[in-house]
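What follows is a set of notes on a single structure, which appears directly below.
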Amino acid sequence: MSEAQALQKIVHIDMDAFYASVEQRDDPGLRGRPVVVAWKGKRSVVCAASYEARKFGVRSAMPAVTAERLCPEAVFVAPDFVRYKAVSLAVRGILERHTDRIEPLSLDEAYLDVTENKTGLPTATLVAKTIRQQIWDELNLTASAGVAPNKFLAKIASDWRKPNGLFVIQPHEVQQFLLPLPVGRLPGVGKVTEARMAQAGIMLVGDIYAMDSVKLEQAFGGYAQRLYELARGVDASPVVANRVRKQISAEDTFPEDIPLTECETHIRRLAEKVWKASKKNARGARTVVLKLKTKGFQSLTRSLTSDNLVPTSDVLTNTALGLCGRVDLTPQQLYRLVGVGLSNFQLDSEETVDLNGAPLLAPQQIL
(Lines give C-alpha, C1' and ligand atoms only; values in the text may rest on other atoms or scores of the structure.)
Protein backbone atom coordinates (compact mmCIF):
# COMPACT_ATOMS: atom_id res chain seq x y z
CA MET A 1 0.00 0.00 0.00
CA SER A 2 1.25 3.45 -0.82
CA GLU A 3 2.30 5.71 2.01
CA ALA A 4 1.77 8.65 -0.30
CA GLN A 5 -1.95 8.08 -0.31
CA ALA A 6 -4.05 10.08 2.13
CA LEU A 7 -5.54 8.27 5.10
CA GLN A 8 -9.28 8.05 5.59
CA LYS A 9 -10.44 8.83 9.11
CA ILE A 10 -13.81 7.17 9.67
CA VAL A 11 -15.98 7.28 12.77
CA HIS A 12 -18.97 5.00 13.29
CA ILE A 13 -21.46 6.33 15.85
CA ASP A 14 -23.96 3.85 17.26
CA MET A 15 -26.52 4.91 19.87
CA ASP A 16 -26.81 2.42 22.71
CA ALA A 17 -30.13 0.49 22.82
CA PHE A 18 -31.56 3.62 21.24
CA TYR A 19 -35.35 3.26 21.50
CA ALA A 20 -35.17 1.66 24.95
CA SER A 21 -32.69 4.29 26.16
CA VAL A 22 -34.99 7.11 25.04
CA GLU A 23 -37.83 5.49 26.99
CA GLN A 24 -35.67 5.12 30.10
CA ARG A 25 -34.47 8.70 29.80
CA ASP A 26 -37.98 10.09 29.50
CA ASP A 27 -39.50 7.91 32.25
CA PRO A 28 -37.30 7.73 35.36
CA GLY A 29 -39.39 4.80 36.59
CA LEU A 30 -37.96 2.65 33.79
CA ARG A 31 -34.30 3.27 34.60
CA GLY A 32 -32.45 0.16 35.67
CA ARG A 33 -35.36 -2.06 34.65
CA PRO A 34 -35.58 -4.51 31.73
CA VAL A 35 -37.40 -2.52 29.05
CA VAL A 36 -38.71 -4.06 25.83
CA VAL A 37 -39.93 -1.69 23.13
CA ALA A 38 -42.72 -3.64 21.45
CA TRP A 39 -46.45 -4.02 21.32
CA LYS A 40 -47.55 -7.00 23.36
CA GLY A 41 -49.20 -9.76 21.38
CA LYS A 42 -48.43 -12.96 19.51
CA ARG A 43 -47.76 -11.11 16.21
CA SER A 44 -45.52 -8.39 17.60
CA VAL A 45 -41.73 -8.34 17.38
CA VAL A 46 -39.19 -6.59 19.60
CA CYS A 47 -38.06 -3.21 18.25
CA ALA A 48 -35.41 -2.70 20.93
CA ALA A 49 -34.36 -4.06 24.31
CA SER A 50 -32.55 -2.30 27.13
CA TYR A 51 -29.27 -3.79 28.31
CA GLU A 52 -31.07 -4.98 31.45
CA ALA A 53 -33.41 -7.02 29.20
CA ARG A 54 -30.56 -8.26 27.00
CA LYS A 55 -29.06 -10.04 30.01
CA PHE A 56 -32.05 -12.40 29.75
CA GLY A 57 -31.43 -13.07 26.05
CA VAL A 58 -33.98 -10.59 24.71
CA ARG A 59 -32.94 -9.22 21.31
CA SER A 60 -34.35 -7.01 18.59
CA ALA A 61 -36.53 -8.71 15.97
CA MET A 62 -37.45 -11.68 18.18
CA PRO A 63 -41.17 -12.35 18.76
CA ALA A 64 -42.55 -10.38 21.69
CA VAL A 65 -44.00 -13.57 23.20
CA THR A 66 -40.48 -15.05 23.27
CA ALA A 67 -39.16 -11.92 24.99
CA GLU A 68 -41.93 -12.17 27.57
CA ARG A 69 -41.07 -15.82 28.22
CA LEU A 70 -37.34 -15.08 28.58
CA CYS A 71 -37.90 -12.09 30.84
CA PRO A 72 -41.28 -12.22 32.65
CA GLU A 73 -40.41 -9.05 34.59
CA ALA A 74 -39.81 -7.01 31.43
CA VAL A 75 -41.68 -3.73 31.03
CA PHE A 76 -43.23 -3.56 27.56
CA VAL A 77 -43.44 -0.07 26.06
CA ALA A 78 -45.24 0.65 22.80
CA PRO A 79 -42.83 2.21 20.28
CA ASP A 80 -43.09 5.93 19.58
CA PHE A 81 -41.24 6.42 16.30
CA VAL A 82 -42.13 10.10 16.02
CA ARG A 83 -40.26 10.75 19.27
CA TYR A 84 -37.33 8.53 18.28
CA LYS A 85 -36.99 10.33 14.95
CA ALA A 86 -36.95 13.71 16.73
CA VAL A 87 -34.11 12.51 18.97
CA SER A 88 -32.32 11.08 15.93
CA LEU A 89 -32.49 14.49 14.24
CA ALA A 90 -31.00 16.08 17.36
CA VAL A 91 -28.13 13.58 17.20
CA ARG A 92 -27.72 14.37 13.52
CA GLY A 93 -27.42 18.06 14.40
CA ILE A 94 -24.51 17.25 16.71
CA LEU A 95 -22.79 15.17 14.02
CA GLU A 96 -23.14 17.98 11.49
CA ARG A 97 -21.09 20.30 13.69
CA HIS A 98 -18.09 18.13 12.87
CA THR A 99 -18.55 17.09 9.23
CA ASP A 100 -20.99 17.19 6.32
CA ARG A 101 -19.85 13.76 5.16
CA ILE A 102 -22.39 11.68 7.10
CA GLU A 103 -23.93 8.42 5.92
CA PRO A 104 -26.86 7.42 8.15
CA LEU A 105 -27.60 3.70 8.32
CA SER A 106 -30.73 4.01 10.47
CA LEU A 107 -32.16 6.30 13.14
CA ASP A 108 -29.47 5.24 15.59
CA GLU A 109 -26.21 4.84 13.67
CA ALA A 110 -24.11 6.59 11.05
CA TYR A 111 -20.70 6.71 9.43
CA LEU A 112 -18.75 9.97 9.47
CA ASP A 113 -15.77 10.81 7.29
CA VAL A 114 -13.69 13.15 9.47
CA THR A 115 -10.53 13.06 7.38
CA GLU A 116 -11.08 16.80 7.52
CA ASN A 117 -13.41 18.07 10.23
CA LYS A 118 -15.14 21.41 10.71
CA THR A 119 -13.97 22.01 14.26
CA GLY A 120 -10.25 21.72 13.64
CA LEU A 121 -9.76 18.86 16.10
CA PRO A 122 -6.39 17.20 15.47
CA THR A 123 -7.48 13.55 15.49
CA ALA A 124 -10.52 11.45 14.61
CA THR A 125 -10.33 9.97 18.10
CA LEU A 126 -10.85 13.40 19.63
CA VAL A 127 -13.75 14.04 17.25
CA ALA A 128 -15.41 10.81 18.41
CA LYS A 129 -14.82 11.65 22.08
CA THR A 130 -16.29 15.12 21.58
CA ILE A 131 -19.38 13.80 19.78
CA ARG A 132 -20.07 11.23 22.49
CA GLN A 133 -19.70 13.89 25.19
CA GLN A 134 -22.01 16.31 23.37
CA ILE A 135 -24.67 13.61 22.94
CA TRP A 136 -24.51 12.90 26.67
CA ASP A 137 -24.45 16.56 27.76
CA GLU A 138 -27.27 17.69 25.47
CA LEU A 139 -29.49 14.61 25.09
CA ASN A 140 -28.67 12.57 28.21
CA LEU A 141 -28.07 9.50 26.05
CA THR A 142 -25.00 7.37 25.49
CA ALA A 143 -23.39 6.43 22.19
CA SER A 144 -20.61 4.05 21.34
CA ALA A 145 -18.04 4.94 18.70
CA GLY A 146 -15.49 3.17 16.54
CA VAL A 147 -12.59 4.96 14.87
CA ALA A 148 -10.68 3.32 12.03
CA PRO A 149 -9.19 3.91 8.59
CA ASN A 150 -12.30 2.57 6.80
CA LYS A 151 -15.98 1.81 7.24
CA PHE A 152 -16.01 -1.89 7.94
CA LEU A 153 -13.33 -1.59 10.61
CA ALA A 154 -15.05 1.41 12.21
CA LYS A 155 -18.31 -0.53 12.50
CA ILE A 156 -16.59 -3.49 14.15
CA ALA A 157 -14.79 -1.07 16.49
CA SER A 158 -17.98 0.67 17.63
CA ASP A 159 -19.33 -2.66 18.87
CA TRP A 160 -16.12 -3.56 20.67
CA ARG A 161 -16.77 -1.72 23.93
CA LYS A 162 -20.54 -1.35 23.93
CA PRO A 163 -22.35 0.15 25.67
CA ASN A 164 -21.01 3.67 26.11
CA GLY A 165 -17.57 2.83 24.76
CA LEU A 166 -14.93 4.08 22.33
CA PHE A 167 -12.49 1.86 20.47
CA VAL A 168 -9.81 2.96 18.03
CA ILE A 169 -8.05 0.81 15.44
CA GLN A 170 -4.89 2.58 14.35
CA PRO A 171 -3.62 1.80 10.82
CA HIS A 172 -0.55 -0.05 12.10
CA GLU A 173 -2.77 -2.20 14.35
CA VAL A 174 -5.17 -3.44 11.66
CA GLN A 175 -3.69 -6.90 11.01
CA GLN A 176 -3.02 -7.55 14.69
CA PHE A 177 -6.67 -6.73 15.42
CA LEU A 178 -8.26 -8.55 12.47
CA LEU A 179 -6.48 -11.89 12.23
CA PRO A 180 -7.77 -13.41 15.53
CA LEU A 181 -11.40 -12.46 14.84
CA PRO A 182 -13.98 -15.12 13.92
CA VAL A 183 -14.88 -14.95 10.23
CA GLY A 184 -18.48 -14.09 11.16
CA ARG A 185 -17.31 -10.57 12.03
CA LEU A 186 -16.60 -9.82 8.37
CA PRO A 187 -19.32 -8.03 6.36
CA GLY A 188 -21.25 -10.42 4.13
CA VAL A 189 -20.30 -13.55 6.10
CA GLY A 190 -23.65 -14.73 7.40
CA LYS A 191 -24.47 -17.94 9.21
CA VAL A 192 -24.65 -20.02 6.01
CA THR A 193 -21.28 -18.81 4.71
CA GLU A 194 -19.75 -19.13 8.17
CA ALA A 195 -20.92 -22.76 8.35
CA ARG A 196 -19.42 -23.46 4.91
CA MET A 197 -16.14 -21.94 6.03
CA ALA A 198 -16.13 -23.99 9.22
CA GLN A 199 -16.49 -27.18 7.18
CA ALA A 200 -13.42 -26.10 5.22
CA GLY A 201 -11.49 -25.42 8.44
CA ILE A 202 -11.74 -21.64 8.07
CA MET A 203 -12.63 -20.28 11.50
CA LEU A 204 -10.66 -17.03 11.87
CA VAL A 205 -9.91 -14.06 9.64
CA GLY A 206 -6.30 -15.20 9.84
CA ASP A 207 -7.28 -18.43 8.07
CA ILE A 208 -8.54 -16.39 5.13
CA TYR A 209 -5.42 -14.23 5.22
CA ALA A 210 -3.25 -17.33 4.91
CA MET A 211 -5.05 -18.54 1.76
CA ASP A 212 -3.81 -17.45 -1.65
CA SER A 213 -6.18 -15.79 -4.07
CA VAL A 214 -6.49 -18.89 -6.30
CA LYS A 215 -7.70 -21.12 -3.44
CA LEU A 216 -10.06 -18.40 -2.26
CA GLU A 217 -11.60 -18.07 -5.72
CA GLN A 218 -12.00 -21.84 -6.02
CA ALA A 219 -13.82 -21.91 -2.68
CA PHE A 220 -15.86 -18.69 -2.81
CA GLY A 221 -16.08 -17.59 -6.43
CA GLY A 222 -17.01 -13.94 -6.94
CA TYR A 223 -16.84 -13.19 -3.20
CA ALA A 224 -13.19 -14.26 -3.00
CA GLN A 225 -11.69 -10.89 -3.91
CA ARG A 226 -13.77 -9.14 -1.27
CA LEU A 227 -12.70 -11.69 1.37
CA TYR A 228 -9.06 -11.30 0.33
CA GLU A 229 -9.27 -7.52 0.82
CA LEU A 230 -11.24 -7.61 4.08
CA ALA A 231 -8.76 -10.02 5.64
CA ARG A 232 -6.10 -7.41 4.90
CA GLY A 233 -8.13 -4.53 6.32
CA VAL A 234 -8.90 -3.03 2.92
CA ASP A 235 -12.30 -1.44 2.28
CA ALA A 236 -12.51 1.14 -0.49
CA SER A 237 -16.17 2.05 0.04
CA PRO A 238 -16.55 5.79 0.73
CA VAL A 239 -18.87 7.48 3.18
CA VAL A 240 -21.79 8.48 0.95
CA ALA A 241 -23.75 11.51 2.10
CA ASN A 242 -27.33 11.82 0.82
CA ARG A 243 -27.43 8.17 -0.19
CA VAL A 244 -30.16 7.40 -2.70
CA ARG A 245 -33.12 5.82 -0.97
CA LYS A 246 -34.12 2.75 -2.95
CA GLN A 247 -37.63 2.29 -1.58
CA ILE A 248 -40.19 3.91 0.69
CA SER A 249 -42.63 1.43 2.17
CA ALA A 250 -44.99 0.69 5.02
CA GLU A 251 -46.56 -2.54 6.16
CA ASP A 252 -49.11 -3.96 8.58
CA THR A 253 -49.05 -7.26 10.47
CA PHE A 254 -52.61 -8.30 11.29
CA PRO A 255 -53.77 -9.51 14.74
CA GLU A 256 -55.46 -12.42 12.94
CA ASP A 257 -54.87 -13.85 9.47
CA ILE A 258 -57.28 -12.47 6.85
CA PRO A 259 -58.16 -13.21 3.20
CA LEU A 260 -56.95 -10.91 0.44
CA THR A 261 -60.43 -9.47 -0.02
CA GLU A 262 -60.21 -7.92 3.45
CA CYS A 263 -56.85 -6.21 2.81
CA GLU A 264 -58.26 -3.23 0.89
CA THR A 265 -58.68 -0.94 3.90
CA HIS A 266 -55.13 -1.66 5.00
CA ILE A 267 -53.73 -1.10 1.50
CA ARG A 268 -55.50 2.26 1.21
CA ARG A 269 -54.16 3.46 4.55
CA LEU A 270 -50.63 2.24 3.84
CA ALA A 271 -50.62 3.84 0.39
CA GLU A 272 -51.56 7.21 1.90
CA LYS A 273 -48.78 6.85 4.49
CA VAL A 274 -46.20 5.99 1.82
CA TRP A 275 -47.35 8.88 -0.37
CA LYS A 276 -46.87 11.39 2.44
CA ALA A 277 -43.40 10.01 3.13
CA SER A 278 -42.48 10.20 -0.56
CA LYS A 279 -43.40 13.88 -0.70
CA LYS A 280 -40.87 14.57 2.06
CA ASN A 281 -38.36 12.72 -0.09
CA ALA A 282 -38.97 15.28 -2.87
CA ARG A 283 -38.44 12.75 -5.67
CA GLY A 284 -40.93 10.99 -7.89
CA ALA A 285 -41.09 7.21 -8.27
CA ARG A 286 -42.01 4.97 -11.19
CA THR A 287 -42.62 1.64 -9.45
CA VAL A 288 -45.44 0.63 -7.11
CA VAL A 289 -44.84 -2.45 -4.95
CA LEU A 290 -47.32 -4.68 -3.13
CA LYS A 291 -45.94 -7.07 -0.51
CA LEU A 292 -47.87 -9.91 1.11
CA LYS A 293 -46.96 -12.62 3.61
CA THR A 294 -49.16 -15.69 3.89
CA LYS A 295 -50.27 -17.49 7.02
CA GLY A 296 -47.46 -19.96 6.32
CA PHE A 297 -44.87 -17.15 6.11
CA GLN A 298 -44.51 -17.28 2.31
CA SER A 299 -43.54 -13.82 1.04
CA LEU A 300 -45.03 -12.50 -2.21
CA THR A 301 -44.09 -9.31 -4.05
CA ARG A 302 -45.92 -7.82 -7.01
CA SER A 303 -44.88 -4.58 -8.72
CA LEU A 304 -45.77 -2.34 -11.64
CA THR A 305 -43.32 0.05 -13.30
CA SER A 306 -44.49 2.90 -15.52
CA ASP A 307 -42.63 5.17 -17.94
CA ASN A 308 -44.10 8.09 -16.02
CA LEU A 309 -43.82 9.07 -12.36
CA VAL A 310 -46.63 8.07 -10.02
CA PRO A 311 -48.57 11.37 -10.04
CA THR A 312 -50.96 11.19 -7.08
CA SER A 313 -51.87 9.31 -3.94
CA ASP A 314 -54.99 7.95 -5.68
CA VAL A 315 -52.92 6.48 -8.50
CA LEU A 316 -50.60 4.84 -5.97
CA THR A 317 -53.58 3.40 -4.08
CA ASN A 318 -55.39 2.13 -7.16
CA THR A 319 -52.23 0.60 -8.59
CA ALA A 320 -51.50 -1.21 -5.31
CA LEU A 321 -55.08 -2.50 -5.20
CA GLY A 322 -54.79 -3.57 -8.83
CA LEU A 323 -51.70 -5.61 -8.03
CA CYS A 324 -53.88 -7.82 -5.82
CA GLY A 325 -55.26 -9.22 -9.06
CA ARG A 326 -51.82 -10.58 -9.90
CA VAL A 327 -51.68 -12.73 -6.77
CA ASP A 328 -52.29 -16.24 -8.08
CA LEU A 329 -53.06 -18.04 -4.83
CA THR A 330 -56.50 -19.42 -4.00
CA PRO A 331 -59.21 -17.11 -2.57
CA GLN A 332 -59.10 -19.22 0.59
CA GLN A 333 -55.48 -18.23 1.27
CA LEU A 334 -55.03 -16.22 4.46
CA TYR A 335 -52.45 -13.48 4.98
CA ARG A 336 -50.64 -12.22 8.06
CA LEU A 337 -49.03 -9.09 6.53
CA VAL A 338 -49.51 -6.57 3.74
CA GLY A 339 -47.20 -3.79 2.62
CA VAL A 340 -47.16 -1.00 0.04
CA GLY A 341 -44.06 0.65 -1.39
CA LEU A 342 -42.65 3.07 -3.96
CA SER A 343 -39.32 2.49 -5.68
CA ASN A 344 -37.35 3.34 -8.82
CA PHE A 345 -37.01 7.00 -7.85
CA GLN A 346 -35.88 9.64 -10.32
CA LEU A 347 -32.30 10.77 -9.90
CA ASP A 348 -32.22 14.09 -11.76
CA SER A 349 -32.34 16.31 -8.68
CA GLU A 350 -29.90 14.25 -6.64
CA GLU A 351 -26.48 15.32 -5.58
CA THR A 352 -23.73 13.57 -7.50
CA VAL A 353 -21.89 11.08 -5.31
CA ASP A 354 -18.30 10.04 -5.82
CA LEU A 355 -18.24 6.25 -5.97
CA ASN A 356 -14.69 5.84 -7.24
CA GLY A 357 -13.52 4.36 -3.96
CA ALA A 358 -11.32 5.39 -1.08
CA PRO A 359 -7.54 5.23 -0.76
CA LEU A 360 -5.75 2.38 0.98
CA LEU A 361 -4.25 2.80 4.41
CA ALA A 362 -1.25 4.98 5.09
CA PRO A 363 0.14 3.40 8.26
CA GLN A 364 2.37 6.27 9.29
CA GLN A 365 -0.63 8.43 10.16
CA ILE A 366 -2.51 8.49 13.46
CA LEU A 367 -6.26 8.51 13.96
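The values are calculated or read from the model by the stated rules, or taken from the named source; none is laboratory data. This structure is a prediction, so every number in the text was calculated from the model and none was measured. Note: ideal-geometry Cβ built from the backbone for every residue, glycine included; neighbour counts use all protein chains shown.
With the condition kept exactly as written, say whether any residue in segment 169-178 is of a type outside the set (A, V, I, L, M, F, W, C), surrounded by fewer than 17 Cβ atoms within 10 Å (Cβ to Cβ) and touching a Gly at 6+ places or on another chain (Cβ under 7 Å). The answer is yes; a qualifying residue exists. Of the residues making up segment 1-35, those that are surrounded by fewer than 18 Cβ atoms within 10 Å (Cβ to Cβ), at pLDDT 95 or above and among the small types (Gly, Ala, Ser) are 29, 32. Within segment 179-196, the residues that satisfy the criterion of being aliphatic (A, V, I, L, M) and exposed (fewer than 12 other Cβ atoms within 10 Å of the Cβ) are 192, 195.
Which residues, taken from segment 197-235, are surrounded by fewer than 14 Cβ atoms within 10 Å (Cβ to Cβ), aliphatic (A, V, I, L, M) and within 24 Å of residue 171 (Cα to Cα)? Result: 210, single match. Only residues that are small (Gly, Ala, Ser), outside any strand (DSSP E or B) and modelled with pLDDT under 90 were counted in segment 289-324, giving 2.
Consider segment 111-138 and keep the residues that are surrounded by fewer than 21 Cβ atoms within 10 Å (Cβ to Cβ) and either acidic (Asp, Glu) or in contact with a Pro (Cβ under 8 Å, 6 or more places away or on another chain) (or both). The one that is farthest from residue 85 (Cα to Cα) is 116. Where helices (runs of 4 or more DSSP H) sit wholly within segment 19-98, those with at least 1 residues that are of a type in the set (Lys, Arg) and touching a residue at least 24 places away in the same chain (Cβ under 8 Å) occupy 51-54, 81-96. Residues of segment 149-176 that are part of a helix (DSSP H, G or I) and without any contact (Cβ under 8 Å) to a residue 40 or more places away in the chain: 156, 173, 176. Being of a type in the set (D, E, K, R), modelled with pLDDT under 95 and surrounded by 14 or more Cβ atoms within 10 Å (Cβ to Cβ): is that true of residue 43 here? When the stated conditions are applied, residue 43 passes them. The residue list 38, 49, 67 contains one member that is more than 21 Å from the chain's Cα centre (by Cα), of a type in the set (A, V, I, L, M) and surrounded by 15 or more Cβ atoms within 10 Å (Cβ to Cβ), which is 67.
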